[in-house]
1. What is the set of long-range amide H partners of V74 at a cut-off below 5 Å, with H atoms built 1.01 Å from backbone N?
2. Can you compute 3J(HN,Hα) from phi for each residue in the stretch 133-142, using the Karplus curve 6.51 cos²θ - 1.76 cosθ + 1.60 with θ = phi - 60°, rounded to whole Hz and x for Gly and Pro?
3. In the chain, once you exclude exposed trypsin sites (Lys or Arg not before Pro) (DSSP loop, at most 14 other Cβ within 10 angstrom), what's the longest stretch remaining?
4. Roll a 1.4 Å probe over the protein chains and send me the accessible area per residue for the chain in Å².
5. Per-residue HN-Hα couplings for the stretch 155-172, Karplus 6.51 cos²θ - 1.76 cosθ + 1.60 at θ = phi - 60°, whole Hz, x for Gly and Pro?
6. Please say if the stretch 58-99 is rounded, prolate or oblate, where rounded means a/c under 1.5 for a ≥ b ≥ c the square roots of the C-alpha gyration tensor eigenvalues, and otherwise the choice is prolate for a/b larger than b/c and oblate otherwise?
7. I need the shape label for the stretch 109-198. Rule: rounded when a/c is under 1.5, else prolate if a/b > b/c, else oblate, with a, b, c from the alpha carbon gyration tensor.
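The values are calculated or read from the model by the stated rules, or taken from the named source; none is laboratory data. This one's a predicted model, so the numbers in the text were calculated from it and none came from an experiment. Glycine gets a Cβ as well: all are built from the backbone with ideal geometry, and neighbour counts include every protein chain shown. Ligands, DNA and RNA are stripped out before the accessible areas are found, and what is left, the full protein with its side chains, is counted by its heavy atoms. Shrake-Rupley method; radii C 1.70, N 1.55, O 1.52, S 1.80 Å.
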Amino acid sequence: MSADLKDSASLLGSRICHDLISPLGAISNGLELLSMSGVPSSPELTLIEESIESANARVRLFRVAFGAASGTQVLARSEIIKLLSGCYGPSRIQVHWNPASDPSRTEAKTAFLAVMCLEATLSQGGEIAVSENRGRWTLQAFGPKIRYESELWAGLEAAKPIEANSSQVQFVLLQDALRTLERTAQVGHSETAVSLSY
């Protein structure tokens, strides 16, 4: 992917996420006003509230993962934990963010894309642990059964073109993010675990 096309795609991702956050916030505010006006709670309203919270969290995560990032920008650890908790807290996949320091936005973007790649392996749910030690990032996924698509992961290790569909775009973007950071991926897997380090 050329630099111009890559930058355009990142800016497009940022713009779409930015434009979606406002209407989602408006719906959330509308639900709050309904609650304050005395409308009784119901399973339907609860479902809408939970769906809006989930969509809001996912769009904010996508904004970091798919949007433009500068190496000079920093993303606070507390914000990262909030984003991951909002996206994965109520789901069958749990993400544990272990780095103690605040990473650059570029590092956070790369780690989020890696989390999304590992998420694709946990077809029956499981856990993902993210660690960082002296600039070396390690992510591990554990689950009852792993869905490992070897061509996608081999493409990350060999830095060769990845053939992906729309649900696998995170692999293509992770490969590009690793190239930007001048990192090489190392991958390992078993029937119940996948590890990725760079």
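1. R105
2. Along the stretch 133-142, the couplings run 9, 6, x, 9, 9, 9, 10, 10, 10, 10 Hz.
3. Numbers: sites that count: R92, R134, K145, R147.
By the stated rule (loop sites, at most 14 other Cβ atoms within 10 Å), 1-91.
4. On the way: 10940 Å² over 198 residues.
Using a 1.4 Å probe on heavy atoms only, each residue of the chain averages 55 Å².
5. x, 5, 6, 8, 6, 9, x, 9, 8, 9, 8, 4, 7, 10, 4, 4, 5, 5
6. Details: a/c = 2.69, a/b = 1.56, b/c = 1.72.
Oblate shape, in that a/c is at least 1.5 and b/c is the bigger or equal ratio.
7. Working: a/c = 1.71, a/b = 1.17, b/c = 1.46.
Verdict is oblate for the stretch 109-198.
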